[in-house]
1. Is it the case that A:V90 is within 21 Å of A:L136 (Cβ to Cβ), surrounded by 15 or more Cβ atoms within 10 Å (Cβ to Cβ) and more than 14 Å from chain B (Cβ to nearest Cβ)?
2. Of everything in region B:149-173, what is crowded, with 21+ Cβ neighbours inside 10 Å and either in the same structural domain as B:K307 (by TED's automatic domain parsing) or not in a helix (DSSP H, G or I) (or both)? Give them in sequence order.
3. Since A:V100 meets every condition but one in (1) within 16 Å of ligand 1 (Cβ to nearest atom); (2) among the aliphatic types (A, V, I, L, M); (3) in contact with a helix residue (DSSP H, G or I) (Cβ under 8 Å, 6 or more places away or on another chain), which condition does it not meet?
4. Could you grab the pairs with beta carbons closer than 9 Å, sequence gap of 6+ or different chains, first residue in region B:62-90 and under 19 Å from B:L327 (Cα atoms), second one among the aromatic types (F, W, Y)?
5. Based on what the data block shows, is B:Y92 surrounded by fewer than 22 Cβ atoms within 10 Å (Cβ to Cβ) and either out of contact with any helix residue (DSSP H, G or I) (no Cβ under 6 Å at 6 or more places or on another chain) or not assigned by TED's automatic domain parsing to the domain that holds B:V259 (or both)?
6. Is one or more of the residues making up region B:190-198 under 14 Å from the mean Cα position of the chain (by Cα), in a loop (DSSP other than H, G, I, E, B), of a type in the set (D, E) and surrounded by 17 or more Cβ atoms within 10 Å (Cβ to Cβ)?
7. Give me a count of the residues in region A:32-42 that are within 15 Å of ligand 3 (Cβ to nearest atom) and either under 16 Å from A:I110 (Cβ atoms) or aliphatic (A, V, I, L, M) (or both).
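The values are calculated or read from the model by the stated rules, or taken from the named source; none is laboratory data. For clarity, every value in this text was computed on a predicted model and none was experimentally measured. Reconstructed Cβ throughout: ideal geometry from the backbone, glycine too, with neighbour counts over all protein chains shown.
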Amino acid sequence: MTRQLITLIVNGDRYQVPVAPCETLLDVIRDRVALTGTKRGCTSGACGVCTVQGDDGRAVLSCLALAIEWDNRPVTTIEGVAGGDELHPVQKAFLEYGAVQCGACTPGLIMTAKALLDENPDPDEEAINEALAGALCRCTGHIKVKIAVREAIKAMAADAAPEDGHGIQEG
Amino acid sequence: MQLPPFAYHRPASLDEALARLSTAGDSVAALGGGTDLLINLKLRLERPRALVSVRDLPELAGVSLDASGTLRIGAGERLTDLAAHPLIVVPYPGLAQAIRAVGSQHVRNMATLGGNLCLPTRCWYTNQSENWRGSQLPCWKTDGQVCHVIKTAPNCRAIHSADSVPALISLGARVLLRSSQGERELLLADFYRDDGIENNVLAPGELITAVLVPPARVRSTFVKAAARTGLDYGYATLAGALTGSNRVPKSLLLVAGSVGTMPLVLQKPAQIILAEGLNEAGIEAAADAVRDDLGEVTNLFTPPGYKKRLMRGLVRRVLHELRRQKLPAAD
Ligand SMILES: Cc1cc2nc3c(=O)[nH]c(=O)nc-3n(C[C@H](O)[C@H](O)[C@H](O)COP(=O)(O)OP(=O)(O)OC[C@H]3O[C@@H](n4cnc5c(N)ncnc54)[C@H](O)[C@@H]3O)c2cc1C
Ligand code: FES
Ligand code: FES
């Protein structure tokens with residue numbers, strides 16, 4: 001099988017990897033780049049644990065993406081979500097509101113929620129449900145996850161507001 | 001599950017893609033978003049020697065209106081973009097709903113319209129790994145002599161469940177097909193065949209380049225009944241498109257999905273509404289009549305008799321929604 005050298009850009013880091021056409025983005029991220037935060041579940045698009053964020057910011061199922069199609073296209077995985085030691089608001093909310101049990105689904109759910117909030121910082125109930133429907137948790141169910149996402153939305157809105165916390169000044 | 005080996009091509013133009021697809025005939029497959037094809041490769045249901053990526057071909061891109069008001073949707077467009085596109089959402093709410101009903105948002109971010117139109121039929125047997133399938137006799141699709149869905153069937157009776165299709169057929173959509181031999185255009189309703197294996201009329205080496213939705217001021221809607229909203233294939237779906245008023249409807253197309261090997265245009269319920277008007281009594285009569293139209297229903301993924309009862313409910317829901325809906329504003 002002929003391999004082709006591609007440049008994978010994961011969380012801003014560049015990796016030169018020879019890949020065969022039949023290698024998925026998931027396989028390469030986990031087994032060659034050795035970032036194992038992205039999980040391998042159903043490998044057929046139905047569980048969302050392999051979710052990463054593509055170059056357009058949208059949630060991508062890495063188990064159904066060919067690595068060869070991601071040459072030079074930036075990808076964000078769960079390892080790239082925190083800023084150094086400072087967790088992303090979605091990560092903080094998952095911790096604080098107990099949206100985690102075994103944790104197998106957590107990277108996929110956090111990437112899904114982050115992709116949603118990057119595109120729409122103030123999603124309504126329907127938009128949250130629509131996004132989360134593609135990433136499953138078989139331990140906690142989606143209730144705590146939804147609580148965490150809603151709290152993350154509030155925290156991010158508060159962070160984005162001006163220092164005095166009063167929004168636009170009257171005048 | 002791992003993918004089997006294959007060669008991969010990413011042509012820069014449609015002509016180059018068509019040349020690639022025509023040289024090796026059947027053993028080359030077009031790759032759209034890959035959200036179904038790659039699974040079928042993992043399941044070892046298909047074994048193409050090479051994949052030709054068509055998703056980003058410039059000739060398959062774009063959503064536009066021509067001078068006559070016909071909407072052209074490029075076959076490479078992603079479903080997420082289409083479900084929110086103003087040229088679709090405003091005039092054709094039923095189509096937007098149907099596109100949004102495909103899989104999950106994750107899937108729609110990757111999936112193309114062309115891939116949805118060419119989605120192979122599915123059943124509980126073929127939707128399993130090769131290893132699992134080995135525990136039972138092979139079926140028509142896997143080179144055997146039996147259909148596990150309808151035991152007595154002389155051919156494959158797997159289900160057609162591409163959600164955009166009933167909505168597009170209800171709107172009278174046409175498809176543009178291109179091969180290295182030339183171009184042809186046909187009604188999407190004529191694109192499908194009543195066979196779970198040879199499910200459409202696409203010739204080897206042929207691609208869908210675009211879908212054309214004729215101009216019409218219609219009321220339209222789509223409903224889907226599934227185990228889990230937002231991820232699962234439908235138990236049954238129904239699209240409806242209506243012109244004229246509730247009192248004097250001019251045309252009505254009701255198209256069911258996930259009930260058989262191809263989308264089904266419901267004749268009797270539509271005739272009843274056209275004769276009686278879109279009113280309470282007409283809707284009840286139409287819902288009662290749907291049973292006769294369904295004929296042999298593939299009770300795949302549902303208990304026997306369930307789909308017929310379900311369709312009755314879907315007919316009611318679609319007709320009530322059409323009755324309530326306001327005609328999209330003329331521009
Ligand atoms: C978890 C999950 C749930 C799903 N649920 C649904 C659902 O509810 N409803 C539904 O309709 N689908 C569903 N799907 C199936 C699939 O994701 C969609 O049908 C999708 O639209 C397929 O598009 P694609 O671009 O990914 O196709 P691909 O997988 O790339 O291709 C599918 C087929 O179309 C052919 N093809 C692709 N593009 C063209 C073209 N331009 N011309 C000719 N042939 C072409 C390919 O060769 C292949 O045979 C689901 C998939 C998953 C993983
Ligand atoms: S592993 Fe990708 S969706 Fe389940
Ligand atoms: S915490 Fe176990 S699957 Fe979600």
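1. Considered against the rule, which asks whether it is within 21 Å of A:L136 (Cβ to Cβ), surrounded by 15 or more Cβ atoms within 10 Å (Cβ to Cβ) and more than 14 Å from chain B (Cβ to nearest Cβ), A:V90 comes out as yes.
2. Hits for region B:149-173 are B:V149, B:C156, B:R157, B:A158, B:I159, B:H160, B:S161, B:A162, B:D163, B:L171, B:A173.
3. (1)
4. B:L71/B:Y92
5. Working: surrounded by fewer than 22 Cβ atoms within 10 Å (Cβ to Cβ): no; either out of contact with any helix residue (DSSP H, G or I) (no Cβ under 6 Å at 6 or more places or on another chain) or not assigned by TED's automatic domain parsing to the domain that holds B:V259 (or both): yes.
It is false that B:Y92 is surrounded by fewer than 22 Cβ atoms within 10 Å (Cβ to Cβ) and either out of contact with any helix residue (DSSP H, G or I) (no Cβ under 6 Å at 6 or more places or on another chain) or not assigned by TED's automatic domain parsing to the domain that holds B:V259 (or both).
6. no
7. Residues in region A:32-42 being within 15 Å of ligand 3 (Cβ to nearest atom) and either under 16 Å from A:I110 (Cβ atoms) or aliphatic (A, V, I, L, M) (or both): 4 in total.
A quick yes/no check of all residues on (1) within 15 Å of ligand 3 (Cβ to nearest atom); (2) more than 22 Å from A:V17 (Cβ to Cβ); (3) at pLDDT 95 or above; (4) surrounded by fewer than 24 Cβ atoms within 10 Å (Cβ to Cβ):
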residue: A:S44; (1), (2), (3), (4): no, yes, yes, yes
residue: A:R58; (1), (2), (3), (4): no, yes, yes, yes
residue: A:S62; (1), (2), (3), (4): no, no, yes, no
residue: A:T76; (1), (2), (3), (4): no, no, yes, yes
residue: A:G84; (1), (2), (3), (4): no, yes, no, yes
residue: A:T112; (1), (2), (3), (4): yes, yes, yes, no
residue: A:E119; (1), (2), (3), (4): no, yes, yes, yes
residue: A:D122; (1), (2), (3), (4): no, yes, yes, yes
